[in-house]
Protein chains: 4
Amino acid sequence: MIVVMKKNASTGDVEHMVQRIEGLGLKAHVIVGTERTVIAAVGDDRRAHKGSLESGPGVAEVVPILAPYKVASLEVKHEPTTVRAGSLTVGAGTIGVIAGPCAVESEAQILASSRAVKAAGATALRGGAFKPRTSPYSFQGLKEDGLKMLATARDATELAVVTEVVASEDVPLVARYADVLQVGARNMQNYRLLEAVGNTDRAVLLKRGPSATIDELLLAAEYILDAGNPNVMLCERGIRTFETHTRFTLPLATVVYLHAKTHLPVVVDPSHGTGHTYLVPRMAAAAVAAGADGLIMEVHPDPENAMSDGYQSLTFEQFAETMATCRKVGQALGSKF
Amino acid sequence: MIVVMKKNASTGDVEHMVQRIEGLGLKAHVIVGTERTVIAAVGDDRRAHKGSLESGPGVAEVVPILAPYKVASLEVKHEPTTVRAGSLTVGAGTIGVIAGPCAVESEAQILASSRAVKAAGATALRGGAFKPRTSPYSFQGLKEDGLKMLATARDATELAVVTEVVASEDVPLVARYADVLQVGARNMQNYRLLEAVGNTDRAVLLKRGPSATIDELLLAAEYILDAGNPNVMLCERGIRTFETHTRFTLPLATVVYLHAKTHLPVVVDPSHGTGHTYLVPRMAAAAVAAGADGLIMEVHPDPENAMSDGYQSLTFEQFAETMATCRKVGQALGSKF
Amino acid sequence: MIVVMKKNASTGDVEHMVQRIEGLGLKAHVIVGTERTVIAAVGDDRRAHKGSLESGPGVAEVVPILAPYKVASLEVKHEPTTVRAGSLTVGAGTIGVIAGPCAVESEAQILASSRAVKAAGATALRGGAFKPRTSPYSFQGLKEDGLKMLATARDATELAVVTEVVASEDVPLVARYADVLQVGARNMQNYRLLEAVGNTDRAVLLKRGPSATIDELLLAAEYILDAGNPNVMLCERGIRTFETHTRFTLPLATVVYLHAKTHLPVVVDPSHGTGHTYLVPRMAAAAVAAGADGLIMEVHPDPENAMSDGYQSLTFEQFAETMATCRKVGQALGSKF
Amino acid sequence: MIVVMKKNASTGDVEHMVQRIEGLGLKAHVIVGTERTVIAAVGDDRRAHKGSLESGPGVAEVVPILAPYKVASLEVKHEPTTVRAGSLTVGAGTIGVIAGPCAVESEAQILASSRAVKAAGATALRGGAFKPRTSPYSFQGLKEDGLKMLATARDATELAVVTEVVASEDVPLVARYADVLQVGARNMQNYRLLEAVGNTDRAVLLKRGPSATIDELLLAAEYILDAGNPNVMLCERGIRTFETHTRFTLPLATVVYLHAKTHLPVVVDPSHGTGHTYLVPRMAAAAVAAGADGLIMEVHPDPENAMSDGYQSLTFEQFAETMATCRKVGQALGSKF
């Protein structure tokens, strides 16, 4: 950490801060500049109180030097992590594709979807049984019945099942049916839930919250890793910005940046990331070109009559075309697709 | 709802959408413009599928007319709601002030804090026993021990206790000790938790998520109201924007806007909303001038040694001065402070 | 336009607004809903006063139906526009690549750069002679001397010259040397400048402002088109969001969205859009996969000693590799690259 | 500046950066941490190339310590600046109020407005003669005719005239009629214009761009100050965020923050900052409570028929009430209002 003192900080202030820093088990180096004094605090400062140092007398600001996450860091584990769950492999040059409807609506719907996405090349099936909805008046999912239908679809297609879990108390139930536990964007900082999925042996797809920084995303992953579960996939699904022509803004530089900071694989969700069906195919291709390790896309047999997210779902035909485009891009860049 | 058709939509597309709208139990009025056709869908469209209409053939966009929330709406209940919980009264011209440390750290700390904030005019005590923290390596709160210390402070000062609950399974425990259950910003869309606090007889302080729209905030409130609990206070605590000189951006127009849309009282949190002690006093006064029904502020006996949020906490002296300023503003504007 | 009345609007209010609408030369259709009345205003409302209608008695909000731009609209001109300027062709399936240093620093620097980018496949040369800089203490460009050096580089390589013009009074001078006039992000709403470049016969590269909506970008283009200059390229160069790990957030969905709304070609700037050299190659490839009609990239013989923007500039070798990657993606998707 | 090296930076990299730093005339202190090495660069680094240091080998990031602005800094001039222009005084405890219509529409309109705002206590008159408009199809102002009408209104009321100038070539003309030159939000980084107003003896009202950081705002002010004009008022008028219920988000903490960083006075614009008439009165009062040195508000004799910005303009009566409220708040806090 670097503690930057105010221009008018007194010698006593500097001395006080040196003692505070050393009280935290760090070593303090004082550098007297022409206009300001700064104190470099040397040592592992991840558990130190950046915040409380900022309240010290004469302190202008405190600049952390080390990233706040540790186990997720590429500096700790140098090789990219590959996550495997049944038919799904994601990472280290292999691109996984998770596809299916927003919500499980019926056995017929999920069976048809799973067969169609498998035929087009998807390597896992998505489908929500527990649906967190903005409005209490919206369809909230089929719950355990939906999970059973997903299991039926897995039996029929051998596709791994990816489905969301919304509360820690549901984790045992959902883990009984799912290959991958999805933590949704609204729950990225539901720490009780993160710990609960961290205590399972299921792979986890952790979605970035729409206003989460990358450090916050990696610290959320750290909760899961810290609980003992190393199989975490990060998912960029769009952030909230001033733009209104898309539902969220999909920042693909996240993929490249994460690959420079963490060994965990990165999946992109162009369906939620754009919010409009017609934007999905090209943004899926762009995600592959940016180096994404996986894609997750909403596909529905009849988007116009979907019970949720129809406006951003692909038909079976659109999904097959999108896959063809993505495969071309992936193969041109040497990925295993 | 207004369904706007594309310029090149066919007569068949329009006919199709009219049938879709009528299938939803709404009445369709077709208006043929010089460049586009629009269809007005008349009726209560809150449960209708805006999303799936958007996937209809030839549809350019769908514009909702009615607000998506209902019970929270000022159109449904015309008088402002006053929330009362022990010593705390918020709303309809009475300004409540909730103050205390970010986290309960010890009995001595919470007792000293409660006495100091009461002496300065606070009408409720805040203090976190369950702390949701961005990093797994940060202090996570004293849990039930902290709740007991809060109860001791209530016994000593008769101040109502406001404390956060982070998971639905903790609600019975926290409700045993607290007068007001706080749902934190990270949990604003934790619907299981919203339902759980909605099923208690405790007042609820619902914080706006840092990227939540006002409609999303009111729909979160709607989950609580819909479960049968009418005692909801909304809390503006800052949103995430491109600004970095403050921790969040505190948009006080929220207060005025909410007063035009809902009968629920609005509390402002200038501590989290700014993230720096020196910004809190003036922003507290500004919140009162904007018409806030309440304030919630972090106050600590020794901010420099606080276990969390010291950089945005007021000392006892600073809090007393802030209260004096706010009281002047509130009284100048005719509020009961 | 749709005028949505408040729930408690009186019959007189509705009558008043009907007269206001008809006074604007539009036709009014009143639709009485179960909870609210809306009035559809039919006709070309682009010149109507959305704003002043909003101040009408009993009005809740006014929703425009037609896009505010006209000449730029794909509804007016159905075929994509190809912009040609010397060696540069952009649009309708041909991808142009503009590359070179942020600023012209010397004849040797710009000559070396132009030869290197041409060898790697660039089809135009960029280089700033007039540099708008955030700080008055930063290097402001070589001005006319810089323009002359650009002309020398064009003579040597036959690459078209793309350079920024920052004030309407400079347009004649810059147009004497440049093939393409660049309007920078800071000047996207400098309407005097837009009119001035609209009055030349030079192609224009119009950069999106970092907080401009797409409608604002297209209306800025409309100023140029309206002045008589049809050769406008739009440029996405990143928007300002809460993210700090990149200098701006590069929203590639802009490319796909613009292709659905306008006939004008879309160029992407991954250098400014990310702000870090190591993020540029993959984001350039992603832009091509998203369907960009062109790329503009910063390339410098010695980024570490560049007078501006070195941290986001590619070396000659990095640029050649980036071009190879982009070419693969472009060709895989059937573009002429 | 602090140069943070990557974990795997070599001794040669560190040595290289030390030489780069010393080549910039700064002194380098190397601090070897447990995980990383950082180099503190001591000296006035405002003219140093933060950017090019970032491209150095083995560099992770570069953290500036000194604010990039100088003349605007409170560290350079410790007393608050009072700006005076005719009837208007702003700063150091005196609150100035600038009011009037968005645009000058006719002599009758501006005369009536000036008399009404003066009667209610305004100390300067605003009115646009050159209007920068998002759409080329909107009313662009009466230009010199409008300036003459403003001068007539000044003769009638003795109110100082505040009006916008949009291009450097117009500065002499506008300065002939105006007491205060307003630089609009869209032109905050139009450096040619900043230099031009800096070369006059007129006071300047500099509006913050909707996505400008505070450092960028202060650097824009620095252009004016550096040209020799010390009479600069900063104006917060709202930033662009994800919020859509207000036109912009008005972050009042800007006022408090600026007072801690600069001696220049701070004016708040609650009209543009909210975009809706009904939000203006309370946000004006909140701005005063936050410590604003001035207010600028749009007032129109007949907002419904205004040629621009009617939806955010106050009537004469509303303005008089708003002034009464603001005066109470200002006086309660000891300001001269």
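The numbers here are math on the coordinates, done by the rules we state, and not lab data. Since the model is a prediction, treat every value here as computed from it, not as a measurement. Virtual Cβ from ideal backbone geometry, glycine too; neighbours counted across all protein chains shown.
Exposure proxy shown here: for C:Thr11, C:Thr315, the number of other Cβ atoms within 10 Å sets the order, fewest to most, as C:Thr11, C:Thr315. Its Cα centre serving as origin, the stretch A:24-175 has a Cβ charge dipole (Lys and Arg +1, Asp and Glu -1) of approximately 160 debye.
Please compute, for peptide C:276-288, the average count of beta-carbon atoms on other protein chains lying within 10 Å of each residue's beta-carbon.
Mean shielding by partner chains, rounded to a whole number: 6.
Measuring from each Cβ of chain C to the axis carrying C onto D, the nearest residue and its distance in whole Å come out as C:Ser211, 2.
Ordering A:Thr244, D:Thr322 by the number of other Cβ atoms within 10 Å of each residue's own Cβ, fewest first, gives A:Thr244, D:Thr322.
Between copies, how far apart are the D:Ala108 label points? List them in nm, one decimal, shortest first, with each point 7 Å from Cα toward Cβ, please? Distances to the matching label points in the other copies: 7.1, 7.2, 7.7 nm.
Residues whose amide H falls under 5 Å from that of C:Leu295, counting only those 5 or more places apart or on a different chain, are C:Gly96, C:Val97, C:Ile98, C:Val268, with hydrogens built in the peptide plane. From its DSSP helices (H runs of at least four residues, each -39,500 (n - 2.57)), the protein assembly as shown gives a residue-normalised ellipticity at 222 nm of -10500 deg cm²/dmol. Ranking of C:Glu22, C:Glu298 by neighbouring Cβ atoms within 10 Å, starting from the fewest: C:Glu22, C:Glu298. Figure legend: label point modelled 7 angstrom from the Cα of C:Lys27 along Cα→Cβ; residues of the stretch B:1-42 with amide N under 16 Å from it are B:29-40. Please identify the trypsin sites (Lys or Arg not before Pro) of the stretch B:7-80 that satisfy two criteria: DSSP loop assignment and at most 12 other Cβ atoms within 10 Å. Which are they? Sites meeting the loop and neighbour criteria: B:Arg47.
Averaged over the residues of peptide D:327-334, the number of Cβ atoms from other protein chains lying within 10 Å of each residue's Cβ is 5. When the GluC sites (Glu not before Pro) in the stretch D:117-204 are filtered for DSSP coil states and for at most 15 other beta-carbon atoms within 10 Å of their beta-carbon, the remaining sites are D:Glu158. Seen from A:Ile296, the other residues with C-beta closer than 14 Å to its C-beta sum to a net charge of -3, counting Lys and Arg as +1 and Asp and Glu as -1. Starting from the label point of B:Glu35 at 7 Å along Cα→Cβ, the same points in the other copies fall at 3.0, 5.1, 5.6 nm, in ascending order. In straight-distance terms, cross-link reach from D:Lys143 covers every one of the aspartates and glutamates whose alpha-carbon lies under 17 Å from its own, apart from those fewer than eight places away in the same chain; here that gives C:Glu195, D:Glu105, D:Glu107, D:Glu164, D:Glu169, D:Asp170, D:Asp179. For chain B, the longest principal axis of the C-alpha atoms and the axis of helix B:316-332 are separated by about 50°.
Label point of B:Lys77 (7 Å along Cα→beta-carbon): distances to the other copies' equivalent points are 5.0, 5.4, 5.7 nm, sorted ascending. Over chain C, the fraction of Cα-Cα pairs per 10 Å bin, rounded to whole percents and listed from the shortest bin up, is 6, 24, 29, 19, 10, 8, 3, 0. Our coupling estimate for the stretch D:7-14, obtained by passing each phi through the Karplus curve with A = 6.51, B = -1.76, C = 1.60 and θ = phi - 60°, is 4, 9, 5, 8, 4, x, 4, 4 Hz, Gly and Pro reported as x. Normalising by residue count, the protein assembly as shown has a Cα convex hull of 151 Å³ per residue.
Across the stretch A:138-220, Cα-Cα pairs more than 21 Å apart make up 31 percent of the total.
Panel note: the C-alpha atoms of the stretch B:242-319, placed on their principal axes, show extents of 42, 29, 19 Å (largest first).
The angle between the Cα long axis of helix A:107-119 and the longest principal axis of the Cα atoms of chain A comes to about 80 degrees, rounded to the nearest 10. Coupling constants for the stretch D:52-65 follow from the phi torsions by the Karplus curve (6.51 cos²θ - 1.76 cosθ + 1.60, θ = phi - 60°), and in residue order they are 6, 4, 4, 8, x, x, x, 8, 8, 7, 10, 10, x, 9 Hz; glycine and proline get x.
Under 14 Å of direct C-alpha separation, and excluding same-chain neighbours fewer than eight residues apart, B:Lys6 reaches these aspartates and glutamates: B:Glu15, B:Glu35, B:Glu54, B:Glu61, C:Glu75. With Cα atoms as the point set, the radius of gyration and Dmax of the stretch C:102-152 evaluate to 11.7, 36 Å. Put simply, the amide H of A:Ile65, placed in the peptide plane, has neighbours under 5 Å in A:Ile2, leaving out anything fewer than 5 places away on its chain. Using C-alpha positions alone, give me the convex hull volume of the stretch B:12-85 per residue in cubic angstrom. About 121 Å³ per residue, rounded to a whole number.
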